[in-house]
Amino acid sequence: MSDEDREVLCVRCPKGCRLKLFIDENIVVKGQECKLGVDYGKKEARHPEREVPTTVKIKNARWPRLPVRSKKSVPLAKIDEVMEELRGLKVEAPVKKGEVIVQNVADTSVDIIAERDMEREV
Amino acid sequence: MKDVVVIGGGPSGLAAAPEIGKKGYDVTILERNGELGGLLQQCIHEGFGTLLFDKSLSGPEFADIFINRVHDTGVKVELETYVKSVEKREDGFEMTAVTPKGVEIIKTRSLVYAIGCRERNRFEIKIGGTRPAGVLTAGTVQRLVNLYGVLPGKNPIIVGGGDVGLIVARHLYLEGVESILMVYPEEFFSGLPRNAQQCILDFDIPYRPRTTVKRILGDKKVEAVELVKVDENWDMIQGTEEIYRCDSVILSVGLVPYSEKVEELGAEIDCKTNGPVVDEFFETTVEGVFSVGNLVQIFDYVDDAVQTSFVAAQGVDKYLKGFSSKRDKPVKLKPGKNVGTVTPQVIAHDADDDIKIFFRPGIEKEGARIELTSGKEVLKHQKKRYVRPSTLEEMELPRDILSKKKEVMVDVR
Ligand SMILES: Cc1cc2nc3c(=O)[nH]c(=O)nc-3n(C[C@H](O)[C@H](O)[C@H](O)COP(=O)(O)OP(=O)(O)OC[C@H]3O[C@@H](n4cnc5c(N)ncnc54)[C@H](O)[C@@H]3O)c2cc1C
Ligand code: SF4
């Protein structure tokens, strides 16, 4: 046991496992119902990260917005900057699912990708 | 005459159709919207698929996997097709659908309802006051923001701490509204703890527990609300009223299965789940009519919702083959004192596979013991580290323990 030991909530999926973090030189995670929880717990102990799901404007598509997300999680503290960079952006259909919309968003070395195909519809 | 019509092209319909199609039947999905995916197309956040695919996908990404399966198995899809009514005939079912070509009659031997749920509105929770513009349900706001890029206002108040409200709060925060307040009558957020964490607490969005909206104020547009504190019975505490200025009211006050349609067809409805009573193959009390996904009960987790579709596919196959494994008398499954809902509600077949049941605990408890009992006899028990009402639980029910039983109770102690 060390003072830093704590309980956090895994947010990777709706199960919301309550993880116990045993923090020393190594971080031991307990209480996860799947292996994604181990990775989450380790990150949460030192540098919390979150995924950013949002939308950007899109032209000539079924909807005026294209859902996009960060390919991996970005530092929680950087989310405002990420949003700022996406706000002015406008892409044009067609777009393919998984296509990179912004590279290295807000200097996080994480890309923003499209969540779905969006065909051209004029 | 078709073999199977699946009504609804959300995740549960999309999962059911190819599974049935693979067995060689002629299957058609009828979807009222212009594209497949149901609710998932507006659920742009991640967290879907962790159980089925070991990956955390967004709603559209999850939907895409099943849309591809639909196309690969040759399932027919009719979009912009709204099923208005269904009638039982001697040899199957006859439905009236509004399609882009006009009103059409479609005949089928069996039916799978996958029409999901709807949101509760202000009148169901009795909020008084005027009826100005700017009062919306959270799902509508989610749709507006994520598909159209339209915000409901600059200073919204969100009523109810359910999942849809929590997720919408984050979208609005990220989209840059000036202020947000969330109020809810419970002591804690009623949505999943994960959503409370990553949508509200992560961004320090203000929230007030044990608070509700008494009245909405405003002539043409929302100008303010009257907030009031409530006690643990949710009764308003006189003298705690307070005016809060806002320009829109977003209601996140729960989802209810969209069961009117199956009820019209004569299916029995469970007053606990508000969905149709189903057996272990998700057949309703009307033979040949199956029901899957959020129509059966509200699943917080789409991975669970689509599991109902896989099981229902086996049931449809049995039905169409005319292969009856039904017991003389079905076993009833009932929720105990500390359990809110249980599905399936009846076990109707004799077979040798195990049954998966879903139940929603009525209480929060550490070190819970889950018990299946028949009268005084404990048929099965299982330990669970932690249960709470916001998390639906599942459990294997071995069929052999049911022999000669009439009623089995599921409870948490
Ligand atoms: C805001 C929100 C957030 C959520 N977050 C998560 C999450 O993070 N992770 C997770 O796993 N799950 C989440 N869920 C739950 C998930 O969305 C549901 O479990 C899933 O959508 C249920 O699928 P369904 O197919 O039963 O219903 P739906 O997706 O509602 O699909 C029903 C379909 O039927 C169609 N339909 C209805 N009536 C008719 C008719 N008469 N004729 C023809 N078509 C009709 C509708 O247009 C719709 O396409 C969330 C739900 C909401 C609302
Ligand atoms: S540990 Fe796995 S199952 Fe538990 S919340 Fe995290 S992702 Fe979900």
Hull-based mean projected area of segment B:256-413, where the convex hull spans the alpha carbons, in square nanometres: 8.9
Cα-based reach from B:K221 at 15 Å (exclusive), listing aspartates and glutamates while leaving out same-chain residues under 8 positions away: B:D247
Set of lysines with alpha-carbon distance to A:K96 below 25 Å, sequence-local pairs under 8 removed: A:K57, A:K59, A:K71, A:K72, B:K55, B:K76
Mean projection area, nm², convex hull over Cα of segment A:53-114: 3.8
Degrees between helix B:302-321 axis and first principal axis of chain B (Cα, 0 to 90, nearest 10): 30
Shape box of segment B:325-413 [Cα atoms, principal axes, largest first, Å]: 39, 24, 19
Simple spin-label estimate for A:R120 and B:E268 in nanometres, 7 Å along Cα-Cβ: 5.7
Scattering curve values for segment B:121-253, log₁₀ I(q)/I(0), Debye with Cα scatterers, q = 0.11, 0.19, 0.21 Å⁻¹: -0.33, -1.05, -1.29
Crossing angle, helix A:36-46 versus chain A [Cα axis fit, 0-90 degrees, rounded to tens]: 80
DSSP-defined beta bridges in chain B - what % are antiparallel, rounded to 5: 65
Charged-residue dipole, Cβ positions (Lys, Arg, Asp, Glu), the protein assembly as shown about Cα centre, Debye nearest 20: 500
Proximal charge balance of B:I65 [Cβ under 12 Å; K/R count +1, D/E count -1]: 0
Cα Rg over Rh - the protein assembly as shown, Kirkwood: 0.97
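Compute the FRET efficiency between B:D350 and B:Q382 as 1/(1 + (r/R0)^6), taking r as their Cβ-Cβ distance and R0 = 25 Å, and round to the nearest 0.05. Mind dumping the intermediate values first?
Values: r = 24 Å, r/R0 = 0.96.
Step by step, r from the Cβ atoms, then E = 0.55.
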Computed label-point distance, nm, for sites B:R118 and A:E4 using a 7 Å Cα→Cβ extension: 5.3
Which listed pairs, of B:K23/B:K88; B:K318/B:K376; B:K356/B:K406; B:K23/B:K107, have C-alpha distances above 27 Å, in listed order: B:K318/B:K376
Under the Karplus curve 6.51 cos²θ - 1.76 cosθ + 1.60, θ = phi - 60°, whole-Hz ³J(HN,Hα) for segment A:58-73, x wherever Gly or Pro sits: 9, 9, 6, 10, 4, 10, x, 10, 10, x, 9, 8, 6, 5, 10, 6
Counting DSSP beta bridges with both ends in the protein assembly as shown, the antiparallel % (nearest 5): 70
DSSP beta bridges in segment B:325-413 [antiparallel fraction, %, rounded to 5]: 85
Simple spin-label estimate for B:K404 and A:K96 in nanometres, 7 Å along Cα-Cβ: 6.4
Length added when fully stretched, B:E187-B:V150, from 0.36 nm per residue minus Cα-Cα: 10.2 nm
Compactness relative to 2.2 N^0.38 Å, alpha carbon Rg of segment A:6-47: 1.00
Spatial separation of Cα centroids for segment B:44-115 and segment A:67-102, in angstrom: 30
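Rounded to the nearest 100 Å², what's the accessible area chains A and B bury against each other, both chains counted, probe 1.4 Å?
3500
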Acute angle (nearest 10 degrees) that the helix B:11-21 long axis makes with the longest principal axis of chain B, alpha-carbon atoms: 10
Alpha-carbon spread of chain B, three principal axes, descending order, Å: 63, 59, 38
Ranking by accessible area, most exposed first, for A:E85, B:E241, B:E226 with a 1.4 Å probe: A:E85, B:E241, B:E226
Value of [θ]222 nm, deg cm²/dmol, for the protein assembly as shown, DSSP H segments ≥ 4, -39500 (n - 2.57) each, nearest 500: -5000 deg cm²/dmol
Ellipsoid semi-axes in whole angstrom, largest first, where each is sqrt(5λ) of the Cα gyration tensor of segment B:41-100: 32, 14, 12
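The values are calculated or read from the model by the stated rules, or taken from the named source; none is laboratory data. All values reported here derive from a predicted model rather than from experimental measurement. As a convention, Cβ positions derive from the backbone with ideal geometry for all residues, glycine included, and neighbour counts pool all protein chains shown. Just so you know, the surface numbers come from the protein's heavy atoms only, side chains and all, with ligands and any DNA or RNA stripped out. Shrake-Rupley method; radii C 1.70, N 1.55, O 1.52, S 1.80 Å.
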